[in-house]
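A.B. asks: What follows is a single structure, and I will ask about it in a moment.
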Amino acid sequence: MKSSNIPLILAIFSMCCFICSAHNEPHDYLDAHNEARAEVGVGPLEWSPTLAEYADNYAKSKIETCEMEHSGGPYGENLAGSSDPEMTAADAVKLWLDEKKYYNHETNSCENEECLHYTQVIWQNTSHVGCARENCKSGWTYIICSYDPPGNFVGDKAY
């Protein structure tokens, strides 16, 4: 390989890394969450490096199987998976927010428990979030967000 090709190769590599990480930065997760929270009058979340590290460790443990299984840890948790290797933070949060139609705020109930991802996003007592994204060996994408304090306590309203 000619040494004159090295800058070109480095530029292409850098561009690929940028494309892979684009739209999956902390602000991408926060913006999507906080827009939904503002709609219902709940304060914004802050990014937590501790929660992000927890989420990252768990996501890495799922690279082999991409199994949508909760960690069972001390935090609230939302999972998303997709066969689209380009799934972004906003895509994952949108999946959770699409459950809004199943939540009845007046009765504080979900249709068939299909709003629990949504209520975790907007849970009024939650103040911090940390998320991670991994591409699994199967070609699927795995996204996890961890929340503290957790939400979805029976009998408590989301907001």
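The values are calculated or read from the model by the stated rules, or taken from the named source; none is laboratory data. No experiment lies behind these values; they were computed from the predicted model shown. Neighbour counts run over all protein chains shown; Cβ positions are idealised from the backbone, glycine included. Side chains are part of the model used for accessible areas, which takes the heavy atoms of the whole protein and leaves out ligands, DNA and RNA. Shrake-Rupley method; radii C 1.70, N 1.55, O 1.52, S 1.80 Å.
A.B. asks: For Ser127, which sequence-distant residues (separation of 5 or more, or a different chain) have an amide H within less than 5 Å of its own amide H, given hydrogens modelled in the peptide plane?
C.D. replies: Placed amide hydrogens put Asp148 under 5 Å from Ser127.
A.B. asks: Probe radius 1.4 Å, ligands and nucleic acids ignored: give me the carbon and sulfur share of the accessible area of region 22-117 as a rounded percent.
C.D. replies: 49 percent
A.B. asks: Right, another one. Could you compute the net charge surrounding Pro74? Neighbours are other residues with a C-beta less than 14 Å from the C-beta of Pro74; K and R count +1, D and E count -1.
C.D. replies: It works out to a net charge of -3.
A.B. asks: Can you give the accessible area per residue of the chain, in Å², using a 1.4 Å probe?
C.D. replies: About 57 Å² of surface per residue is accessible.
A.B. asks: Separate question: Report the local net charge at Lys137: Lys and Arg +1, Asp and Glu -1, summed over other residues whose C-beta lies under 14 Å from its C-beta.
C.D. replies: The answer is -1.
A.B. asks: Per residue of region 140-152, what does 6.51 cos²θ - 1.76 cosθ + 1.60 with θ = phi - 60° give for ³J(HN,Hα)? Whole Hz please, x for Gly and Pro, Karplus curve as stated.
C.D. replies: Result, rounded to whole Hz: 7, 10, 10, 10, 9, 10, 10, 10, 9, x, x, x, 6.
A.B. asks: Here's something else I'd like to know. Build a GNM of the chain with springs between Cα atoms under 10 Å: which of Asn78, Asn125, Asn104 gets the top mean-square fluctuation?
C.D. replies: Residue with maximal mean-square fluctuation among Asn78, Asn125, Asn104: Asn104.
A.B. asks: Let me ask something else. Considering the values (1) -0.39; (2) -0.48; (3) -0.60, which represents log10 I(q)/I(0) by the Debye sum over Cα atoms at q = 0.10 Å⁻¹ as calculated for the structure under consideration?
C.D. replies: This structure yields the entry labelled (1).
A.B. asks: Got the relative contact order for region 31-106 handy, in percent, Cα pairs under 8 Å and 6 or more residues apart?
C.D. replies: After rounding, I find 29 percent.
A.B. asks: Now for a different question. In the neighborhood of Asn108, defined by Cβ-to-Cβ distances under 15 Å, what is the net charge if each Lys or Arg adds +1 and each Asp or Glu adds -1?
C.D. replies: -4
A.B. asks: To continue, here is another question. Go through region 116-125 residue by residue and turn each phi into a ³J(HN,Hα) via Karplus (6.51, -1.76, 1.60, θ = phi - 60°); whole Hz please, and just put x for glycine and proline.
C.D. replies: Going residue by residue, I get 5, 5, 4, 5, 5, 4, 9, 4, 4, 8 Hz, with x marking Gly and Pro.
A.B. asks: Have a look at Ser138, Ser48, Ser71 and tell me which one the Gaussian network model of the chain (Cα, springs below 10 Å) gives the largest fluctuation.
C.D. replies: Ser138
A.B. asks: Determine ³J(HN,Hα), in whole Hz, for all residues of region 29-41 in sequence, where each value follows from phi through the Karplus function 6.51 cos²θ - 1.76 cosθ + 1.60 and θ = phi - 60°; x replaces Gly and Pro.
C.D. replies: 5, 4, 4, 5, 5, 6, 5, 5, 5, 5, 4, 10, x
A.B. asks: Could you give the length gained on full extension between Lys157 and Asn104, defined as 0.36 nm per residue of separation minus the Cα-Cα distance, in nm?
C.D. replies: Difference between extended and current length: 18.1 nm.
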